[in-house]
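Here's the structure, in C-alpha cells; my notes come after.
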Amino acid sequence: MPVPAAALTSESMLFDLPYAPLTKKPLPAGRPREWYITHNRRLKAMRLAIALLDSGVWMPQQAHDNRIRSTAAMIGVHPPSDTTCHMVRALMRYSR
C-alpha cells in the first residue's frame, strides 16, 4: 500500500522505489537509415558502459576491446564493433 506524500517526513523519506522499466515505443519513421544505426549504437554503448561501471571498470584505460566484448556476452548483447567500443570508452571518459 503506498504511503501518502503528506505522511512522509524528512526522517521517513522513501529513496528506493521499485524499479519498473519504461514501456518501449517505436522509433519515429521517416529518418535516414544512418540515424537508426547511430541511435541503436548509442544505446548499446550506454548499456555496456553501465555494465562496465557496475563491474568495477571505472577508467576508460581499463576498458579494452576484449573486456567490452566479454561484458557484452555476459549481459546478453551482440558483440560490439570497434566503433561501439570506442564510443563506450568516450562515454566513460566524459561522464566524470
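None of Ala63, Ala90, Ala72 is more than 14 Å from the chain's Cα centre (by Cα), at pLDDT 90 or above and surrounded by 13 or more Cβ atoms within 10 Å (Cβ to Cβ) except Ala63. Taking the criterion of being in a helix (DSSP H, G or I), of a type in the set (Gly, Ala, Ser) and in contact with a Leu (Cβ under 7 Å, 6 or more places away or on another chain), the residues of the range 38-64 that qualify are Ala45, Ala49.
Annotation note: Cβ proximity below 9 Å between a residue of the range 65-82 that is in a helix (DSSP H, G or I) and a residue that is basic (Lys, Arg) and surrounded by 12 or more Cβ atoms within 10 Å (Cβ to Cβ) (sequence gap 6+ or interchain) occurs for Ile68/Arg89; Ala72/Lys44; Ala72/Arg47; Ile75/Arg47. Answer yes or no as to whether Ala49 is touching a residue at least 40 places away in the same chain (Cβ under 8 Å) and surrounded by 14 or more Cβ atoms within 10 Å (Cβ to Cβ). Yes, satisfied.
The values are calculated or read from the model by the stated rules, or taken from the named source; none is laboratory data. Computed from a predicted structure; not experimentally measured. Cβ coordinates were reconstructed from backbone atoms using ideal geometry, including for glycine residues, and neighbour counts include every protein chain displayed.
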